[in-house]
Amino acid sequence: MFFGNKHQPTTDNNDDRRAIKRRHLIYYLRVWDLKTDQLLGHIVDINTGGFMLISEKPIEPKQTFGLEIHWNTPDETEIRIQFQAISRWSSNDINKAFFDTGFELVDQVEDVLKPIREMIEEYGFQN
């Protein structure tokens, strides 16, 4: 699935190119780069095909990353998922101090998709 740049105008306001609707999260979950063990950014919206990340530094498109998201459920159970994702596009955020980057999930396996669906259910809201 390809995530188009949210800042690019479309010719038709009803033109939604995503096969899977994105869900905006109530709060931004942190995403860690496994190679550098550094915070890469925060998820702004997500679906089972990919996500948009906001970061303080630009992220080069067409790069493959090993990433990790971890969070606690309401009963304080820690969930960690590690996965591969490819950066597809990057642009300045509305706030020019930040950058938005679209990622496509490489790992389309149930071990990755199941916790993402649960995360969306628990922390997302319906648009």
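Model label points for residue 111 and residue 78, set 7 angstrom from Cα along the Cα-to-Cβ axis, are 1.9 nm apart. Exposure proxy ranking for 70, 42, based on other Cβ atoms within 10 angstrom of each Cβ and starting from the fewest, stands as 70, 42. With a/c under 1.5 counting as rounded, go ahead and sort region 23-123 into rounded, prolate or oblate using the C-alpha gyration tensor (a ≥ b ≥ c being the square roots of the eigenvalues; past the cut-off, prolate if a/b is larger than b/c, else oblate). Judged from the Cα gyration tensor, region 23-123 comes out prolate (a/c at least 1.5, a/b above b/c).
Read the figures in this text as sums done on the coordinates, not as results from a lab. Note that the structure is a prediction, hence the values are computed from the model and not measured. Reconstructed Cβ throughout: ideal geometry from the backbone, glycine too, with neighbour counts over all protein chains shown.
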